[in-house]
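The values are calculated or read from the model by the stated rules, or taken from the named source; none is laboratory data. Just so it is clear, the structure is predicted and the values come from calculations on it, not from any experiment. Virtual Cβ from ideal backbone geometry, glycine too; neighbours counted across all protein chains shown. Areas reflect the complete protein model, heavy atoms only, side chains present, ligands, DNA and RNA absent. Shrake-Rupley method; radii C 1.70, N 1.55, O 1.52, S 1.80 Å.
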Amino acid sequence: MNDFSYTRPSHPTEAISALLSQSDALYLGGGTNLIDHLKLGVVSPSQLVDVRYLGLDKISSDSRAVTIGAGATNSAVAYHHEIQNHFPVLSEAILAGASPQLRNVATTAGNLLQKTRCTYFRDIHSACNKRVPGSGCSAIAGFNRSHAILGVSSACIATHPSDMAVALTALGAVIHVQDSSGVRKIPIESFYVPYGEDPAKENILKRGDLIIAVEVPQTPWFVHSRYVKARDRSSYEFALASAAVAVDLDGGKIRNSRIALGGVATKPWRAHAAEAALVGQTATIAAFRAAAEAELASATAQKDNGYKIELSKRVIVKALQEAADVRGA
Ligand code: SF4
């Protein structure tokens, strides 16, 4: 590990100034991802700016939205009574990730910004366009069982690892970002960018930008929301495929829905095609399956991950069944 300096500001503007004072400084939240990368040599900043003491760990609500401070721990969010009652999908998604120990220190902003688990990204001896732009992608011809089938580019096929961000995408969350001139609000769907030719660029943040909060709109039918995650073992494991869904039912008919996928795409993946296919349909397993087929029609399999196409469809159907309370095999 390389030497680095450490600073602990007490106000967001101080943190932003400290970050901008050195060209390779990084923000440090809970550290559950960044410390790994320091040890592995994936990053070697000259300064860490600790953002855990900025007073950004509160969760508040009014009739319009629940606002989650960027520093609120994953556990605090998952067990917050209003989140459990109004947006169960968010609580379920968080509790499906990591371990209790990690959730107790990992933060909301850190969860949104966590890096891919692509093995080649974490191995500094492998070519990786995301870690070293222009160096190539070891995964495309390598072992790519866990990689993406949606949103891939010729430069990178890595999945976004977050469960929380998938639920927040289904819920239409808005990210509050502060820079030296003020605060701007970014819908989460505009926050993550397609990889294109530069997979090192994962979101629209510019240097110095500090996430200060995430706002989840209060929408009555989000109470009918669920998270289903398929993985290699039942805990402490990343998704092979996951679905966060919310459904608005009018009797037995689907008036509206929100669906996002995890573990299968290069960013938290809003399933617009599936949502469109469900509008006005009777809530049946056949309708859910047709919606899943519509969404996965654009999927691109690599040599080892073709199973994810069928797995994703089944995860979507199961999540919709649970959210709409539709029984069946
Ligand atoms: Fe790097 Fe992306 Fe290729 Fe993985 S899939 S080796 S992260 S460029």
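Points worth noting:
- Taken per residue, the accessible surface of the chain reaches 42 Å², heavy atoms only and a 1.4 Å probe.
- Volume of the Cα convex hull of segment 224-324, divided per residue and given in Å³: 88 Å³
- Relative contact order, percent, the chain [alpha-carbon distance under 8 Å, six or more residues apart]: 17 percent
- Relative to the Cα centre, the charge distribution of the chain, modelled as +1 at Lys and Arg Cβ and -1 at Asp and Glu Cβ, gives a dipole magnitude of about 480 debye.
- Taken about its Cα centre, segment 224-324 carries a charge dipole of about 120 debye when Lys and Arg each add +1 at the Cβ and Asp and Glu each add -1 at the Cβ.
- For ASN256 and ARG145, the FRET efficiency from 1/(1 + (r/R0)^6), where r spans their Cβ atoms and R0 equals 41 Å, is about 0.70.
- Measuring between alpha carbons in the structure, the pairs from LYS206/LYS267; LYS229/LYS313; LYS58/LYS229; LYS115/LYS318 lying more than 20 angstrom apart are LYS58/LYS229; LYS115/LYS318.
- Residues of segment 201-226 with amide N under 19 Å of the 7 Å Cα→Cβ point at ASN2: 201, 207-208
- Using θ = phi - 60° in the Karplus curve 6.51 cos²θ - 1.76 cosθ + 1.60, the 3J(HN,Hα) couplings for segment 122-130 round to 7, 9, 5, 8, 9, 5, 7, 5, 6 Hz; x is entered for Gly and Pro.
- Proximity of backbone amide H atoms, modeled 1.01 Å from N, is registered between ILE59 and GLY69 at under 5 Å, excluding neighbours fewer than 5 places apart on the same chain.
- Cα-derived Rg to Rh of segment 270-313, Kirkwood definition: 1.04
- Accessible carbon and sulfur surface of the chain relative to its total accessible area, %, 1.4 Å: 53 percent
- Residue-averaged 222 nm ellipticity for the chain, from DSSP H runs of 4+ at -39500 (n - 2.57), nearest 500: -8000 deg cm²/dmol
- Angle in degrees between helix 285-296 and the longest Cα principal axis of the chain, rounded to the nearest 10: 40 degrees
- Crossing angle, helix 307-324 versus the chain [Cα axis fit, 0-90 degrees, rounded to tens]: 70 degrees
- With the largest listed first and rounded to whole Å, the semi-axes of the equivalent ellipsoid of the chain from the Cα gyration tensor are 32, 25, 16.
- In this structure, the amide hydrogen of ALA200, modeled 1.01 Å from its nitrogen in the peptide plane, lies closer than 5 angstrom to no residue at least 5 positions away or on a different chain.
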